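Student: This structure is in structure tokens; I'll ask about it shortly.
The values are calculated or read from the model by the stated rules, or taken from the named source; none is laboratory data. Quick caveat, the model's predicted, so the values are computed rather than measured. Neighbour counts are summed over all protein chains in view; Cβ atoms, including those assigned to glycine, are modelled from backbone coordinates with ideal geometry. Please note that ligands, DNA and RNA were not included when accessible areas were found on the heavy atoms of the full protein model with its side chains. Shrake-Rupley method; radii C 1.70, N 1.55, O 1.52, S 1.80 Å.
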Amino acid sequence: MKVQQLICDKCKVVLLEKDSKHLDNERFPITDEEAKIIDKEHRGHECHIELVEKF
């Protein structure tokens, strides 16, 4: 199973993990609540998205 992970480069932690079903649309869906938490705890941090194979 493949999942997308939003990773904080500064903290070296996975912030969110989402199903890869939105990958074809080049989207990483995020809720308003998730956005507020990330903004509060990781404001100004560089982040990136990775596609990861889960076993």
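Student: Those residues that are open to solvent by 70 Å² or more (accessible area, probe 1.4 Å) and in a strand (DSSP E or B), I need them from segment 1-14; list them, please.
Tutor: Residues satisfying the conditions are Lys2, Val14.
Student: Further, regarding this structure: So which of Glu17, Glu41 ends up being part of a strand (DSSP E or B) and either in contact with a Lys or Arg (Cβ under 7 Å, 6 or more places away or on another chain) or open to solvent by 50 Å² or more (accessible area, probe 1.4 Å) (or both)?
Tutor: Glu17
Student: Among the residues of segment 44-55, how many are part of a strand (DSSP E or B) and more than 13 Å from the chain's Cα centre (by Cα)?
Tutor: 1
Student: Same structure again: Give all pairs with beta carbons closer than 9 Å in which a residue from segment 26-55 that is over 14 Å from Ile7 (Cβ atoms) and among the hydrophobic types (A, V, I, L, M, F, W, C) meets a residue that is in a loop (DSSP other than H, G, I, E, B) and open to solvent by 80 Å² or more (accessible area, probe 1.4 Å); count only pairs at least 6 apart in sequence or on separate chains.
Tutor: Between residues of segment 26-55 that are over 14 Å from Ile7 (Cβ atoms) and among the hydrophobic types (A, V, I, L, M, F, W, C) and residues that are in a loop (DSSP other than H, G, I, E, B) and open to solvent by 80 Å² or more (accessible area, probe 1.4 Å), the close pairs are Phe55/Met1.
Student: I've got another one for you. Of all residues in segment 20-36, which are open to solvent by 80 Å² or more (accessible area, probe 1.4 Å) and assigned to a helix (DSSP H, G or I)?
Tutor: Scanning segment 20-36 gives Lys21, Asp24, Asn25, Asp32, Glu33, Lys36.
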